[in-house]
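Visitor: Below is a structure I'd like to ask you about.
Values quoted throughout were computed directly from the atomic coordinates according to the rules given, and no laboratory measurement underlies them. This structure is a prediction, so every number in the text was calculated from the model and none was measured. Every residue, glycine among them, receives a Cβ derived from its backbone with ideal geometry; neighbour counts consider all protein chains shown.
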Amino acid sequence: MSEESKKSAEKTANTQAANPNPSPASTPHEAGSQQVIGEGSAKLGNAPVGASGVPVSMQSPTAPASPAAPGTPTSATGSPSAEKAAEKASETPRDKTDIEKKDSATSEAKAQAAATSGVEMFTVTVDGLSVEVPKGTAVIEACFRAGADVPYFCYHPRLESVGACRMCVAAVELEQFGARRTAIMTTCNLQVQNGMVVKTGTPDVKKAQNGILEFLLANHPLDCPICDRGGECPLQNMTIAYGPPTSRFIEEKRHFPKAVPLSDFVILDRERCIQCMRCTRFTDEIAGDGQLDLLDRGAESKIAVFSDTKFTSNFSGNTIEICPVGALTSRTYRFAGRPWEIKSVDSICAECGNGCNIAVQHRMGEVVRINGRTNEDINEEWTCDRGKFGQYYINSDKRLSSPLIRREGRFVESTWEEAFGMIADRLSQIKAQYGAGSIAGIGSTRCTLEENYLLGRVMRGVIGTNHLDHQMSSYPLLPMQTTIAEIENFKTIVSVGMELQREQPIVYLRVYKAKRRKGANWIEVASLDSGVEAILRQVGAEAVLLLPHHLQASELERAFAFCQETGTKFNLLLPDANSWGAPTAGILPNALPGMRPFADGRADVERMWGVKLSDAPGKAAGDIFASAAKGEIKAIYVMGNDPAKEFADPSQARRGLESAAFVVVQDLFLSDTAQFADVVLPSSSFAEKDGTFVNIEGREQKIKQAIAPRGNSRPDWRILADLMARLGTPVPYFSARDIYREYRRASGA
Amino acid sequence: MSVFSEETIARLDELISRYPTKKAALLPALWVAQDVGGGVLNPDAMEAVASHLELPPAEVQGVATFYTMYNKVPRGKFAIEICHNVPCMAFGAEELIAHCEHSLGISAGETTPDGHITLARVECLGACCNAPAVQIGSKYYENVSAEHIDALIVQIKSLPDNPDHTPQGLISETASF
Ligand code: SF4
Ligand code: SF4
Ligand code: FES
Ligand code: FES
C-alpha cells in the first residue's frame, strides 16, 4: 500500500466511524459515480443530484443511510472498505483495528440482544471481515454491512429477490450436501449461512462480472446520448466499474419499436430493457395492481401492459425511478435536460395530505422533474403519480404574472403598489364605515402554515375580525390515532367510502403492504352502514378504521364514538397538503394559533400582537357567505382558496362573493373565485417558497424554495406581510422561518 | 360478462378445487380456455381467466405467451413443430426448418393459405438424444431428415383432419391430470 492510499484508508475509516451505518452508497465504485447520490434506497442512479454535486445524503438529514431491507436489523463488526482492499491483497486474516474492535463489541451486544429476542445471528466472513447478521439476511446485504463492493441491478431492498440480472455474483464458500465448496453465485437471492465465507473481488468474480455485462450489453442499443437516463444510469456506471473493455458480439442487435408510450406519463423503450423485473415486481408487490408483466420468452422477452391497454396505475411513476436503465422514462421529463444540469431541492409534495418527501428538480428556472425521497415514516421511497406528474402547473403560461384590478368590469394589470394601495384604502374605509365585523377572511389548506398564520394575524390582529375559516365543507378536526407507518401493523383495516389508491395513495401503499406482507385483512366498504359496526365489534382493538373527510360530520362522530367503545383506532384522513396546518395556524372562527380556544390563548396572542382581540363570535365559511349575501359582510379576503368552485354549496359561495362590495383573491391562476374579485394578487407555487406543511398525521414538514417566483408573483406570506405594512402594522418578516417562530410562540409552545 | 359459458366456468371451478390456491390452476385453466376457444387463446379469454382466478391480466398474458403450446394466433389443422434449441440446431434443425419453409412456401410461424398446415419453431421437446426432433399433433418424430419430413408432409396433406389433434386439444382435464 502506498503512503497515499494509506492516508485515504485512514480517512475512510474515520468517516465510517462517524457513520456506523455504512450504506452501499459509500462503497468505492459508487462513490465515484452519479448513482450514489443519495441513499440506501437502492433507487439506482435516480437519486437527486444536489446543488454543486454534493451528495444529497450529506445535505439532507432525513435520508437514512441503512442499505438493509427495512425492518431487518443488521450489525457490522467493521467496515472500512479501504482496509478491505488491503485484505484482498494479502488474503490472510489480520488483526482488527481499534474501530473494528469497537464495532465488533457493539455488534456482539446487538447479537446478544437479538439472541435474547429469539433472532439467530450468523457470522459471515466477507473479504476477510467477519460480520454478524440475523438469519435470513441476503448475502448481498451482509456484503454491504461489511463495506464490500457488490454490483447489482435487479436487487432492491423493498422487493423480493428474483436473481434476474446475475450481476451480484461473488465467490461464496458454503456448506452444501455435507461438503464445503466454493462457487460463483448470485448473492441477492442467497441467504447467509453460519460460517459462510464470501469473496467479492477474486479474479473469477471479476471475470463473471465482465461476462454478465457483456451479455447484458449484447442487445443493449447503447443510445446513451439520446437517453434520458444517461448520466445517472446504473448500467453506464456498472459498465465503467465492472464491464469488459470491449464486446465480442458482432451480430445485429435485437430490435423493438422505440419509445412506446405506456400511459400519459411513462414511455417504454424495450431495446434498453435488461429484464431485471424491478418494474413488474413493483406493480405486483408494492402497488398491488400487477399491471406490468414480462411477455414472451428468451430473447423476445418484453415488458408490457396487458394486451396493449394503458398503464393506469396511480403509482406508475415509481417504475421510472427504480428502472436501472433508460427503458422506462418519463414523458414529462423527456429530453428536458441532462441529469448533471439539474439542481435538486428537498421538499414536500403539495398535492395531498400524505406529505410525501420529494425532490423538486429544476433546470434554468423551470421545474423539470419531481422524484421521490426516502422517508421511512411516510412514503418509504415512493410517490403517487399526482405528486410526480400533477405539479407541472407551476410552469404553466396561464399563471397570473401581475396583480389585476377590476376597472369598469374588466381586469387591468397593475403594479403591486397600486394593488396594495387599493386594498388598504378599501379595507380601511369599509372597516371605518361598517366596523371590523364586516370583513372576513378565507384561508387555505394548500397554503403553508406560516401563510395561514399570517392571514390570521392580519384578520384578527390588524383588522380586528373573527370571521375566519378554511374549510370548504365542514368536517370535525379529529387527529389520526396512529401514524401512517403504524397502519401496516393492524390485522384488520377497514376503509370506508373512498378509493384509497387515489385519495390517500401512501396510506393505500401501507394498507396493501399490511395485506400482502403481513396477511392483514383489508375490508373496503362503501358506507358506514355496510356492516362496519359488526366487523369492528368482532375485531375491536386489532383494527383500524380509515375514513375520508367527505362523510357527513354526524356519521364521523358516530364512528368516532363507536371506535372508542370497541378500542378500534380511528383515522380520519384529511385531503390536502396542509389540511392540518390551516386550523393549527388559527384559521378557524373560534380558535387562535395552535387551535387554542380564546380563553386559553388570548393573553399570549394579545401580548405578542400588541392588540386587543375582538370578542365578537366568528363566523364559519357558510355563515360568511350567507351574511355577505345579506349585505352584512362587505369585504371577503380569500387566500389560495376557491370557494366559488370548491365550497360544499358553490352557489351559496358565489352569491356571497357577488354581493360583497370588495373581494380580494390571492391565487396562482384566475380561478372561479377570482372572477368575483376586485383585486387579484398573483401568488407563488409551493416550489417558489419556503414554509411548513402539516400532513394527515399532524407531522410538520418543511417545503423549500427551488426556483424564483414566476413573473411578478410573490409567496402568499410575502403578500400578507407587505399588506400588513400598508395597513399600518409593519413587522420585519424576512423569511417564512421568522413567521414560523412567531407562530410557535403564539400557539403557546 | 365473462366470455365463458356456464359449462366452461364449471370446468374452471372444478380445476380450481384441485389446488391450494387459485393461481395454481392457471396452466390447466388456460388449456380449457384454449380448448373452448377453438384451439386459440385470445386476449379476451386471457382476461376472463384472469378475472376468474383473481390474477392481474398482465400476469396471465405473461404466462400464456411464455409457452409455445398456447396458441396466440390460430393454427392450421396440422402443426409441424420443429425444435430449434441447441442440440437440435447442432444436428441440422435450421436446415430442416429452411427445407420445410421452402417446400410449404411459408415461413416458420405461418400457416398455409388453405389453413391446413402450420410450421412452427418450438423450444426443446425433450428428445435431444435423437435430435433433430419434430412434433406433429401428439406424435414425436426423431432423427428427422429432409426426406423424412417430405414424406410426412405428403402424408398429412392427404388427410382431411388430424386424427389425434393437437396435444392440448386431446387433454380433457378430467382424463389427463
Ligand atoms: S423496464 Fe426497466 S425495470 Fe422493467 S424489467 Fe426492464 S430494465 Fe427492469
Ligand atoms: S401521495 Fe399525496 S403527497 Fe404523496 S406524491 Fe401523491 S399527492 Fe403527493
Ligand atoms: S442483483 Fe442479484 S441477480 Fe440481479
Ligand atoms: S433441443 Fe431439440 S429436443 Fe431438446
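Visitor: By how many degrees, between 0 and 90 and to the nearest 10, does the Cα long axis of helix A:621-630 differ from the longest principal axis of chain A?
Guide: Result, in degrees: 30.
Visitor: Now for a different question. What is the log10 of I(q)/I(0) for the range A:219-297, computed with the Debye formula using one identical point scatterer on each Cα and no solvent, at q = 0.23 Å⁻¹?
Guide: Values returned for q = 0.23 Å⁻¹ are -1.35.
Visitor: For Cα pairs less than 8 Å apart in space and 6+ apart in sequence, what is the mean separation divided by the residue count of the range B:78-158, i.e. the relative contact order in percent? Please report the intermediate quantities before stating the final value.
Guide: On the way: 123 pairs, mean separation 29.7, N = 81.
About 37 percent, as a whole number.
Visitor: In whole Å, how far is the Cα centre of the range A:703-749 from that of the range A:426-451?
Guide: Answer, in whole Å: 16.
Visitor: Considering the convex hull of the alpha carbon atoms of the range B:6-66, report its projected area averaged over all viewing directions, in nm², one decimal. Write down the numbers at each step before the final one.
Guide: Numbers: hull surface 14.7 nm².
Mean projected area for the range B:6-66: 3.7 nm², to one decimal.
Visitor: Within 10 Å of each residue's Cβ, count the other Cβ atoms and sort A:His362, A:His156 from fewest upward. Walk me through the numbers before you get to the answer.
Guide: Numbers: A:His362 23, A:His156 26.
By the 10 Å Cβ count, ascending, the order reads A:His362, A:His156.
Visitor: Per the Debye formula with a single identical scatterer at each Cα and no solvent contribution, what log10 I(q)/I(0) holds for the range A:618-749 at q = 0.11, 0.13, 0.16 Å⁻¹?
Guide: -0.48, -0.67, -0.98
Visitor: Positive end of the dipole of the range B:6-66, charges at C-beta (+1 Lys, Arg; -1 Asp, Glu), about the Cα centre: which of B:Ala48, B:Leu30, B:Ala10 has its Cα farthest in that direction?
Guide: Checked the options; the winner is B:Leu30.
Visitor: Please get the size of the charge dipole for chain A, origin at its Cα centre, with Cβ charges of +1 on Lys and Arg and -1 on Asp and Glu, quoted in debye to the nearest 20.
Guide: That gives chain A a dipole magnitude of about 580 debye.
Visitor: What residues from the range A:267-300 fall in the zone where the backbone N is under 11 Å from a label point 7 Å along the Cα-to-C-beta line of A:Arg334?
Guide: Those under the cut-off are A:267-269.
Visitor: Specify the residue with the greatest mean-square fluctuation among B:Ala48, B:Ala79, B:Ala24, computed from a Gaussian network of chain B linking alpha-carbon atoms under 10 Å apart.
Guide: Checking each option, the largest mean-square fluctuation is seen for B:Ala24.
Visitor: Treating chain B as a set of equal point scatterers at the Cα positions, no solvent, please give the Debye-formula log₁₀ I(q)/I(0) at q = 0.09, 0.15 Å⁻¹.
Guide: So the normalised log intensities work out to -0.35, -0.88.
Visitor: Something else: Let me know the Kirkwood hydrodynamic radius for the range A:265-394, please, with Cα pairs as the basis and the value in Å to one decimal.
Guide: Details: mean 1/r = 0.0650 Å⁻¹.
So the Kirkwood estimate lands at 15.4 Å.
Visitor: Along each principal axis of its Cα atoms, how long is the range A:476-627 end to end? Whole angstroms, biggest number first, please.
Guide: Largest first, the range A:476-627 extends 57, 29, 29 Å along its Cα principal axes.
Visitor: Let me ask something additional. Normalising by the residue count of chain A, find the relative contact order in percent from Cα pairs under 8 Å and 6+ residues apart.
Guide: Details: 1582 pairs, mean separation 79.7, N = 749.
Relative contact order here is 11 percent.
Visitor: Which whole-Hz couplings ³J(HN,Hα) result when phi for each residue of the range A:525-534 is put into the Karplus expression 6.51 cos²θ - 1.76 cosθ + 1.60, θ = phi - 60°, listed in order with x for Gly and Pro?
Guide: So the J values, rounded to whole Hz, are 10, 6, 8, 5, 6, 7, x, 4, 4, 4.
Visitor: Hey, any idea what Rg/Rh is for the range B:78-158, computing Rh the Kirkwood way over Cα pairs? Don't skip to the answer; put the middle values down first.
Guide: Numbers: Rg = 11.4 Å, Rh = 12.3 Å.
Value, to two decimals: 0.93.
Visitor: Find the centroid of the Cα atoms in the range A:463-540 and in the range A:228-256, then give the distance between the two in whole Å.
Guide: 46
Visitor: Over the whole of A:276-287, what's the average partner chain Cβ count within 10 Å per residue? Rounded to a whole number, please. Working shown, then result.
Guide: Numbers: counts 0, 0, 0, 0, 4, 0, 0, 3, 3, 0, 0, 0.
The mean count of partner-chain Cβ atoms within 10 Å per residue comes to 1.
Visitor: With viscosity set to 1.002 mPa s and temperature to 20 °C, compute the Stokes-Einstein D of the range A:323-447, Rh being the Kirkwood radius across alpha carbon pairs; µm²/s, no decimals. Write out the running numbers ahead of the final one.
Guide: Values: Rh = 18.4 Å.
It comes out at roughly 116 µm²/s.
Visitor: Would you report the distance distribution of C-alpha pairs in the range A:234-278 as whole percents per 5 angstrom bin, up to the bin with the largest distance?
Guide: The distribution over the range A:234-278 is 5, 15, 16, 24, 21, 11, 6, 2, given as percents.
Visitor: Under DSSP H, which helices of chain B have Cα atoms covering 27 Å or more of the helix axis and a Kyte-Doolittle average no less than 1.6?
Guide: On the way: long enough: none.
Within chain B not a single helix satisfies the rule.
Visitor: Taking the number of other C-beta atoms within 10 Å as the exposure measure, put B:Thr68, A:Thr692 in order starting with the fewest. Write out the running numbers ahead of the final one.
Guide: Values: B:Thr68 13, A:Thr692 24.
So the residues, fewest neighbours to most, are B:Thr68, A:Thr692.
Visitor: Taking 8 Å as the Cα distance limit and 6 or more residues as the minimum spacing, I'd like the relative contact order of chain B as a percentage.
Guide: Numbers: 243 pairs, mean separation 33.8, N = 177.
The normalised contact order for chain B reaches 19 percent.
Visitor: Hey, what D do you get for the range A:146-234 in µm²/s if you plug the Kirkwood alpha-carbon radius into Stokes-Einstein at 37 °C and 0.692 mPa s?
Guide: Values: Rh = 14.7 Å.
Using the Kirkwood radius from Cα pairs, D works out to 223 µm²/s.
Visitor: Let me ask something else. Assuming a viscosity of 0.890 mPa s and a temperature of 25 °C, what translational diffusion coefficient in µm² per second does Stokes-Einstein assign to the protein assembly as shown, Rh being the Kirkwood radius over Cα pairs? Present the calculation step by step, with values, prior to reporting the outcome.
Guide: On the way: Rh = 31.9 Å.
D, rounded to a whole number, is 77 µm²/s.
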